[in-house]
Amino acid sequence: MLIGEIFRVALEAIGANKLRSLLTMLGIVIGVAAVITMVALGTGAQAAVQEQIESLGTNVLSVRPGQAWFRGAHGGDARMEVKDALAVARDASAIEAVAPEMQSNAQVEFGRANANLRVTGTTPNYPEVNNYEVQVGRFFDAQEDEGRRRVAVLGGAVPGVLGTDATKIVGQKISIRNVTFDVVGVLAEKGGSGWFNMDERIFVPVQTAQFRLFGTERIGSFNAVVRSGASQALAMAQIEEALRREHRLRVGEENDFWIQDRAELMGTAQETTKTFTYLLAGIALVSLLVGGIGIMNIMLVSVTERTREIGIRMALGATRGNVLGQFLLEALVLCLVGGMIGIALGWGASFALSELANWNTAVSPRAVGLAVAFSATVGLFFGLWPARRAASLNPIEALRWE
């Protein structure tokens, strides 16, 4: 029997029971669609994390307070102030600029609109340190910081949250914790995802935040830009030396701060999202295995139903290899057709999640190829036993089958 004839007979057998064939393929369809969608979600999340970290600058070191210890006992978070950031800027030659930050959520009012937003107290060089651009207006200056002026710069998404746009809100007044501020600028949006949007923040001078809003001189962190040509390791060592001296830590005492390299953070985030993607894909592949078991079950039923047909084909000259190939091809076609439908559904689901739910998705050709290859492997693996069973039938006994 020629290959073309085997293929034609296999398609006729599948088409003879369309509903059963469709239900048999359902497991493969769902499995392939799930693999495509899950990998698209994971890949999109990985790209979004990388883009967000890169937008903030990978040559920036973040310094945060660590654990304070008193006679061997945990004494809570260590104290960090603006003077620590200034000491680093003064003593660390590998550091080009620093920008301290103190943050807290606050109720913000504009006209009849109000929202609970993150308010950040920082210095005038914040846009340069964190790679931000001013979209409308300007950022506050050193005189406004020293004078504790009540001026504010809005993140790119804040005007929309307050029911207006960037061009209209500049020059207007907003209320932060019942303190009136003049809006002097709006930053360009960088985009954000997940539970915290970096563009939904309001920036005020750090001294204004300390003495007019938060009532404390403690800062939550500061960012330091590594000078061009200097190594990250040297910059981290100089920051450590400056802060240990500023905090009067003795030799042998643990640091009461920690330094984070954003490039390292990006690598860690990528590895985490990659592991998450593999986990999601692995869970989705389980449904492919379940679909394969369903195909094997239906093929065994098909062998039983077509025992007499097999006997007739063998009596007319079909070899055991022809019968084996026919049933293997049927299983393979079922899986491949199901795989094609699954790819279309997975692609559509990824597009729908991106457009309707605003999730970051990216359909990977590698994932599509993996899904197709795996579905074909499932078809061959789970179709082999029924095919061997059909090929091993005795022609005389098969002809007597009722």
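No value in this document is a laboratory result; all are computed from the given coordinates. Since the model is a prediction, treat every value here as computed from it, not as a measurement. Glycine gets a Cβ as well: all are built from the backbone with ideal geometry, and neighbour counts include every protein chain shown.
Tabulated data for the structure shown
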read-out	value
For the range 86-146, size of Cβ-based charge dipole, Lys and Arg +1, Asp and Glu -1, in debye	300 debye
For R227, distant residues with modelled amide H under 5 Å away	I95, E96
Under 5 Å, built H, 5+ apart or other chain: amide partners of W258	R64, G66
Proxy reagent accessibility, fewest Cβ within 10 Å first, across D199, D84, D165	D165, D199, D84
The chain, dipole about Cα centre (Lys/Arg Cβ +1, Asp/Glu Cβ -1), debye to the nearest 20	1000 debye
Sorted by Cβ density within 10 Å, fewest first, the residues E189, E109	E109, E189
Exposure proxy order (Cβ contacts within 10 Å, fewest to most) of L353, L329	L353, L329
For the range 297-323 versus the range 116-174, the gap between their alpha-carbon centres in whole angstrom	77 Å
Cβ-based net charge around A152, under 14 Å, with every Lys or Arg adding one and every Asp or Glu removing one	+3
Candidate values (i) 1.06; (ii) 0.96; (iii) 1.52, label of the one derived for Cα Rg over 2.2 N^0.38 Å	(iii)
DSSP-defined antiparallel bridges as percent of all bridges, the chain, nearest 5	80 percent
From phi via Karplus (6.51, -1.76, 1.60), per-residue ³J(HN,Hα) for the range 115-129 in Hz, x at Gly/Pro	7, 9, 10, 7, 9, 10, x, 8, 9, x, 8, 4, x, 5, 5
Dipole magnitude of the range 79-255 about its Cα centre (Cβ charges: Lys, Arg +1; Asp, Glu -1), debye to nearest 20	480 debye
Of all DSSP beta bridges in the range 79-255, antiparallel share, percent nearest 5	75 percent
Kyte-Doolittle mean at least 1.0 and Cα axial length at least 24 Å: DSSP H helices in the chain	18-56, 320-356
Long-range HN-HN contacts of Q135 with modeled amide H, under 5 Å	V186, L187, A188
